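> Would you mind keeping the following structure in view while I ask a few things?
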Amino acid sequence: MSRNMIHSISLGVVSWIICAFLAGLSAPASADTKLGAESPEPIVWGILSHSKGCVIFREYKKTKVGFFVVVVTAKSHGELEVVETDGYVMDPKVWIENEENMNALQRVAIKDGIRYVKIQDKYTPADLEAARALCRKDSVTD
């Protein structure tokens, strides 16, 4: 075989791998939207009783895709973005969901008496209102 033929076969294989990988990345996203019309319930953590303030986060996944000569890589991680606050100013507005940041958020919750409510990325006005109701409750352990 000539070098040109080997090179063109290699490019074809690499193109096929990249297309298959990208199709795999988009498949879970479309499957998530078809799971059902009902959104998951908001998740509450931090101070569950007699909190002094509340922060509502939107949880989403972020994926970085890297293309190299033959290899395609993807790294995914969760992020929390502040949607709104009640009685508290949260800075920064975006938190990467890793052990270090979750521990830091828990320390802030204990120190400042803060309740956190997490809603999903594609939230509806009803989801946001349910999160607000959890913020207003005196205790969510009942």
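Read the figures in this text as sums done on the coordinates, not as results from a lab. Just so it is clear, the structure is predicted and the values come from calculations on it, not from any experiment. Positions of Cβ are backbone-derived with ideal geometry, glycine not excepted, and every protein chain shown enters the neighbour counts.
> Non-local amide H neighbours of Tyr88 (under 5 Å, H modeled in plane, Pro and chain starts lacking H): which ones?
Placed amide hydrogens put Cys54 under 5 Å from Tyr88.
> Pop out the ³J(HN,Hα) list for the range 109-114 in order, Karplus 6.51 cos²θ - 1.76 cosθ + 1.60 with θ = phi - 60°, rounded to Hz; leave Gly and Pro as x.
Going residue by residue, I get 4, 5, 5, 9, x, 9 Hz, with x marking Gly and Pro.
> Another question, then. Please go through the residue pairs Lys52/Lys122; Lys64/Lys118; Lys64/Lys111 and name each one whose alpha carbons sit more than 30 Å apart in this structure.
Flagged as over cut-off: Lys64/Lys111.
> Given the Cα-Cα distance of Ser76 and His50 and 0.36 nm per residue of separation, how much length would full extension add, in nm?
Full-extension gain reported as 5.8 nm.
> Same structure again: How large is ³J(HN,Hα) for each residue in the range 55-61, as worked out from phi by the Karplus curve 6.51 cos²θ - 1.76 cosθ + 1.60 (θ = phi - 60°), to whole Hz, x for Gly and Pro?
10, 9, 9, 9, 9, 8, 9
> Tell me, in nm to one decimal, what length is gained between Asp91 and Tyr60 on full extension, where the rule is 0.36 nm per residue of separation less the Cα-Cα distance?
Stretched out fully, the Asp91 to Tyr60 stretch lengthens by 9.3 nm.
> Let me know the charge dipole size of the range 38-136 about its Cα centre in debye, to the nearest 20, where only the beta-carbon of Lys, Arg (+1) and Asp, Glu (-1) is charged.
My answer is approximately 160 debye.
> What distance in nm separates the simple spin-label points at Thr124 and Ala104, each placed 7 Å from Cα in the Cβ direction?
For the pair Thr124/Ala104, the computed spacing is 3.5 nm.
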